[in-house]
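Okay, structure first, notes after.
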Amino acid sequence: MTNSNLARSIDAAGEQFFADHPLDGDTDPTRARPIPRISIQAFCEGAGMANAVQAAAEDRRLAKAHVSVHMGGVPAAVAHYQESPTPNLIVVESSLPGHQLLADLDRLAETCDPGTKVVIVGHMNDVLLYRELLKRGVSEYLVAPIMPMQLMESISNLYNNPDTDPVGHVYAFIGAKGGVGSSTVCHNASWTLSEALKANVIIADLDLAFGTTGLDFNQDPVQGIAEALASPERLDEVLLDRLLTKCSDRLSIFAAPVVLDRDYDISADACEMVIDVVRQNVPYVTIDLPHSWAAWVKRAVLQADEVVLTAAPDLANLRNAKNIVDLMKQSRKNDGLPHLVINTAGMPKRPEISVKEFEQAIGLDALAVIDFDSEVFGQAANNGQMIEELNPKSKSVQSFHDIAMALTHRKEVKQEKKSALAPLLEKLKIKR
């Protein structure tokens with residue numbers, strides 16, 4: 001922190017400041033993006049602030065950051081940094097009046113290394129104090145009490161350049177049991193996402209031995225995601241473009257090799273590095289996960305922005321789905337629950353758990369219920385087509401649209417169908 005003036009426009013009357021610093025901490029979780037590998041040290045005065053920082057530290061968005069929490073506020077920070085180097089970011093809580101807070105910050109500035117950012121959590125909604133803090137080089141001022149998401153969004157804004165394209169969203173698709181059609185749901189929802197939103201989408205097929213992305217899109221790629229996972233540190237925009245297979249103007253696949261003459265020991269760190277590079281290049285990344293439970297699969301599920309859980313309506317799927325939902329409730333406290341898709345409903349001669357009972361048992365409403373339709377889905381798979389390409393009138397088409405819109409938190413604009421007699425009726429209205 002330095003004493004140089006920080007160029008920043010502030011609304012003269014201060015209304016913008018108060019609008020951007022809500023007292024209730026009501027913050028949209030989709031606005032806080034993943035935070036890079038930085039060190040963060042917080043100096044709190046009260047238990048409420050300490051708990052908020054600790055909750056933020058346990059969130060997936062700060063998984064790469066190293067966070068430590070101390071008590072004692074600004075005086076403790078000054079004493080600490082007289083003997084220790086400063087981290088990338090210091091978060092300090094202070095309930096002192098404005099003039100005392102400024103005096104303490106001047107003392108803190110004397111111990112700070114160049115390049116260290118400082119976030120102040122104060123107890124006064126005072127735009128004049130806010131201006132003085134910015135003049136002293138403070139990066140952000142938040143008004144207590146703060147919520148974990150509010151703190152994460154503020155830190156995210158400091159380390160994600162608003163002038164560049166935002167980091168892409170990652171959507172993980174996983175089945176509650178093998179063979180429930182999670183890959184089919186992933187591929188059709190991804191295709192719908194690229195077509196409906198006219199946005200670039202990459203499907204990463206992480207079922208390296210048995211992935212079906214190439215088959216479903218009628219592609220036979222020579223290279224794919226296995227090469228990237230073998231040397232993740234080499235992956236950049238140029239190499240990524242060479243390894244991807246284009247299926248349409250907006251949809252590309254990072255295909256699995258689907259050969260059995262090698263072992264596939266995926267490193268959780270390598271998987272994370274590859275996905276990080278991919279998400280820097282497109283707005284949407286969908287991960288087609290195999291039905292297995294390794295460290296890298298667990299991390300991919302817990303680190304994703306949204307998760308789609310596909311299940312068939314039987315007892316084994318119910319048990320597994322409940323376990324996954326319970327894990328996500330425990331590990332992703334600042335995120336929504338997974339999106340449940342019940343697939344192959346109404347299969348002839350198969351005893352099934354009703355949708356209502358399934359939902360009640362796991363405590364989650366189904367986003368989509370896809371009926372069993374072996375003819376349409378089998379023909380689409382054999383042709384290397386998506387369901388909407390093969391049969392736009394299929395009932396499942398709307399389900400894939402619902403999934404795509406739910407993942408992106410958008411509402412689909414439906415065009416009203418006009419009767420063939422509409423022009424004649426309009427003329428009659430004009431005459432009247």
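The numbers here are math on the coordinates, done by the rules we state, and not lab data. This one's a predicted model, so the numbers in the text were calculated from it and none came from an experiment. Cβ: placed from backbone, ideal geometry, glycine included. Neighbour counts: every protein chain shown.
A few notes on this one:
- Residue-span extension gain [Asn383 to Asp249] - 0.36 nm each, minus C-alpha spacing: 46.3 nm
- Cα centroid of the range 330-350 to Cα centroid of the range 373-397, whole Å: 21
- Separation of the alpha carbons by more than 28 angstrom is noted, of Lys246/Lys322; Lys177/Lys349; Lys246/Lys356; Lys322/Lys349; Lys298/Lys395; Lys198/Lys298, for Lys246/Lys322; Lys246/Lys356; Lys298/Lys395; Lys198/Lys298.
- Angstrom value of the Kirkwood radius, inverse mean 1/r, which spans all Cα pairs in the range 183-250: 12.9
- Using alpha carbons only, the radius of gyration of the range 15-159 set against its Kirkwood radius gives Rg/Rh = 0.93.
- Computed over the chain: relative contact order in percent, which uses C-alpha pairs under 8 Å that are six or more apart: 15
- Its alpha carbons considered, the range 309-399 gives a radius of gyration followed by a Dmax of 14.8, 42 Å.
- Calculated from the alpha-carbon coordinates, the range 266-324 shows an Rg and a Dmax of 13.2, 40 Å respectively.
- Ascending count of other beta-carbon atoms within 10 Å, so fewest first, for Ile155, Ile35: Ile35, Ile155
- Separation between Cα centres of the range 240-258 and the range 291-321, rounded to whole Å: 24
- Dipole magnitude for the chain: computed about the Cα centre from +1 point charges on Lys and Arg Cβ and -1 point charges on Asp and Glu Cβ, it is near 1300 debye.
- Computed over the chain, the range of Cα coordinates on each principal axis works out to 78, 75, 46 Å, biggest value leading.
- Chymotrypsin sites (Phe, Trp or Tyr not before Pro) restricted to DSSP loop in the range 350-394 with at most 11 other C-beta within 10 Å: none
- Helix 148-159 vs. the chain, principal-axis angle (Cα, 0 to 90°, nearest 10): 80
- Seen from a random direction on average, the alpha-carbon convex hull of the range 169-407 projects onto 12.5 square nanometres.
- For the range 15-159, averaging the sequence separation of C-alpha pairs within contact (under 8 Å, six or more residues apart) and dividing by the residue count gives a relative contact order of 33 percent.
- Cα-centre dipole for the range 102-188 with unit charges at Cβ (Lys and Arg positive, Asp and Glu negative), debye to 20: 320
- Convex hull volume per residue in cubic angstrom - Cα atoms of the range 201-336: 129
- For the range 15-159, a simple Cβ point-charge model (Lys and Arg +1, Asp and Glu -1, everything else neutral) yields a dipole of about 500 debye relative to the Cα centre.
- Normalised convex hull volume, the range 118-195, alpha-carbon set, Å³ per residue: 153
- Put the Cα centre of the range 180-200 next to the Cα centre of the range 72-135 and the gap is 47 Å.
- Neighbourhood net charge (14 Å Cβ-Cβ; Lys/Arg +1, Asp/Glu -1) for Thr86: -1
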